[in-house]
Amino acid sequence: MLLQVEKLNKAFGGLKAVNNVDFSIQSGEIVGLIGPNGSGKTTTLNLLTGFLKPDSGSIMFDGKEIAGSPRCSMCGNGIARTFQLVKPFLNLTAVQNVMIGRTFGKEATMNLKLAEEDSFSILEKVGLRSRAYVLAKDMTLMQRKRLELARALAAKPKLLLLDELMAGLNHAEADEAMETIREIRASGITILIVEHIVKAIMGLSDRIIVLNMGEKVAEGTAQEIMYDPRVIDVYLGKSHA
Amino acid sequence: MKKNLSFVIALVVTAALAAVPLFVKKDSLLTYLCMILLYVSLASSWNILGGYTGQVNLGHSAFFGLGAIATRLLWFAGWNILLAMLVGGLLAIAFALLIGSPAFKLRGAYFTIGTLALGQILYATVGNLFPQISSMPVQDLISYTLVTRYYLFLAVALITVLAATLVANSRWGLGMMAVREQEDAAESLGVNAFQHKLLALVLSAFLAGLAGGAFAFFQIGYYPQYPFSPIWTLDSTMMAYIGGTGTILGPIIGAIFFVVLKEVLSLNLAEFHPTVFGILFILVVLFLPGGFMGLWKRIKDKQQKKRESMAELSHP
Ligand SMILES: Nc1ncnc2c1ncn2[C@@H]1O[C@H](COP(=O)(O)OP(=O)(O)OP(=O)(O)O)[C@@H](O)[C@H]1O
Ligand SMILES: [Mg+2]
């Protein structure tokens, strides 16, 4: 088991954003995390990456308890993420953005020449090679999303957390992104993906976890989830059950 | 190729600066160059934390002042001046380490205001503790030569610019810029933001402390409080912004521009020059983001684009 989350809790005032959530992820899986707006998906990712400290619960990653570890140590543990609202280094070039992942992430190199070469090939993977010397602030939103992915990849994670990376993409772009995500998995990286696009999440995930109001309401393959009355409840309301 | 060219230019400029006292015999002109070199040191050291790491520090004069006061006391007590300066730099580091933790708990404008307050506290405290003017002892006055001071200022400026260049082009520099641009993203990629800010502060403090030491060796008589004055901070900050923060050349250009303009203004406008600088600063912040270096880069980018579109036209 690569990741094992047990009884994870996080409240904001009286609001239980993540309520006693358990789940686990095996090496090599793509796991989908879905749920309506405000159901606690991003909060879960924030807990996994140290951006929030859990109120209680355990997060075992790669045989190590990491709940509450500082956020800058998570990358070294082997977890990298993208942000729902992208956070590029605006005044740096694409290749510099990626080099930061390569020089501070897992298996970081101190050799800037090597880091630069690697960063070019990572940019190639996400289709940004020709934009290597463009400042992030001069990129479109779509390019910034790919850059964010490239940066996380450069950190050589074992587990990659993707928070709505595909939101706002058109059909063709989403298909391309799905292909990229499959390639990433094929390269040996385990993926936890948060996405609203049904086609993407169903097409990519080996397993799907459904959250509602901070609680896990269902878990299973795409087929199982689709016909699960609890999930239908969550998305369509009780009357349709 | 481009790196080699910059290196050659830097060597030539250094050699030219080293040769200056052979040709310039007028004390007023040499003093003037000393001031430019001092300000290059102050603005460049400020830039390591303020420009590269994005932490706008308005307490920079504290480090300059600490370097000056320690150097002055030790030098008068008979120490070798270089050794005294080193201790001044170390004292500045000690103060940086002391304030680093609490100061970096503050973010953005709060950090800026916090450092301003610290600087003011030190300024007032030194004024109370050392109210007497500090004058050079007679034997030092007799042996005083401006050329020695010039070389010391030159050495400190070179060390500062060299240190800034090395850091900016290192892995640490990448981390600092990442912290400046987006702290959350930087940390998610493994950059320890606090460590990077602290390193930038310590280096910035040490270099400002050395500059303070050179000042203590140069200035014949002054109130010990004077180097702690916020005016040093404001001047260095403005120079960095005018020239362009987060670049190596920016603070250098800013310092030259500032000292020259100040000279011209104080000759002609005497009392008004602070006002003129204030207005100039606001204009730069509003209309010249990135300072002179930013402007230069935009012009170059435009030319590049023009060239690209010309190339496209001729090879459709
Ligand atoms: N830092 C915070 N402080 C207070 N409340 C928060 C904070 N972060 C999230 N919340 C609240 O916690 C709940 C869960 O939010 P979260 O962002 O995890 O939802 P989500 O599933 O990612 O939603 P979306 O699909 O809209 O991105 C929401 O009600 C949100 O308002
Ligand atoms: Mg979310």
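The values are calculated or read from the model by the stated rules, or taken from the named source; none is laboratory data. What you see is a predicted model, and the numbers here were worked out from it, not measured in a lab. Glycine gets a Cβ as well: all are built from the backbone with ideal geometry, and neighbour counts include every protein chain shown. Ligands, DNA and RNA are stripped out before the accessible areas are found, and what is left, the full protein with its side chains, is counted by its heavy atoms. Shrake-Rupley method; radii C 1.70, N 1.55, O 1.52, S 1.80 Å.
A few remarks follow.
- Candidate set: the range A:99-126, residues that are in a helix (DSSP H, G or I) and within 10 Å of chain B (Cβ to nearest Cβ); chosen: the one nearest to the chain's Cα centre (by Cα): A:101
- Some residue of the range A:57-64 being within 16 Å of ligand 2 (Cβ to nearest atom), buried (at least 18 other Cβ atoms within 10 Å of the Cβ) and in the same structural domain as residue A:209 (by TED's automatic domain parsing): no
- Of A:86, A:95, A:134, all but one fail to be closer than 30 Å to residue B:247 by Cβ and within 16 Å of ligand 2 (Cβ to nearest atom); the exception is A:86.
- Which numbered condition residue A:201 misses (of (1) more than 16 Å from ligand 2 (Cβ to nearest atom); (2) in contact with a strand residue (DSSP E or B) (Cβ under 7 Å, 6 or more places away or on another chain); (3) away from every other protein chain (no Cβ under 14 Å)): (1)
Matching residues to (1) touching a strand residue (DSSP E or B) at 6+ places or on another chain (Cβ under 6 Å); (2) within 16 Å of ligand 2 (Cβ to nearest atom):
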{"site": "A:175", "(1), (2)": "no, no"}
{"site": "A:179", "(1), (2)": "no, no"}
{"site": "A:182", "(1), (2)": "no, no"}
{"site": "A:187", "(1), (2)": "no, no"}
{"site": "A:194", "(1), (2)": "yes, yes"}
{"site": "A:217", "(1), (2)": "yes, no"}
{"site": "A:220", "(1), (2)": "no, no"}
{"site": "A:227", "(1), (2)": "no, no"}
{"site": "A:237", "(1), (2)": "no, no"}
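- Single residue of the range B:156-176 satisfying the filter (more than 18 Å from the chain's Cα centre (by Cα) and assigned to a helix (DSSP H, G or I)) that is farthest from the other protein chains (Cβ to nearest Cβ): B:172
- Among the residues listed as A:32, A:40, the single one being at positive phi, more than 8 Å from every other protein chain (Cβ to nearest Cβ), buried (at least 21 other Cβ atoms within 10 Å of the Cβ) and within 16 Å of ligand 2 (Cβ to nearest atom): A:40
- Of the strands (runs of 3 or more DSSP E) lying entirely inside the range A:176-241, the ones with 3 or more residues being surrounded by 15 or more Cβ atoms within 10 Å (Cβ to Cβ) and hydrophobic (A, V, I, L, M, F, W, C) are found at A:190-194, A:207-212.
- Selection status of residue A:51, closer than 23 Å to residue A:189 by Cβ, free of Cβ contacts under 8 Å to residues at least 60 places away in the same chain, within 13 Å of ligand 1 (Cβ to nearest atom) and open to solvent by 10 Å² or more (accessible area, probe 1.4 Å): yes
- Every residue from the range A:163-198 that is of a type outside the set (A, V, I, L, M, F, W, C), within 16 Å of ligand 1 (Cβ to nearest atom) and within 16 Å of the chain's Cα centre (by Cα): A:163, A:164, A:195, A:196
- Looking only at the range A:65-92, and only at residues there that are farther than 20 Å from residue A:5 by Cβ and surrounded by fewer than 18 Cβ atoms within 10 Å (Cβ to Cβ), the one that is farthest from the other protein chains (Cβ to nearest Cβ): A:85
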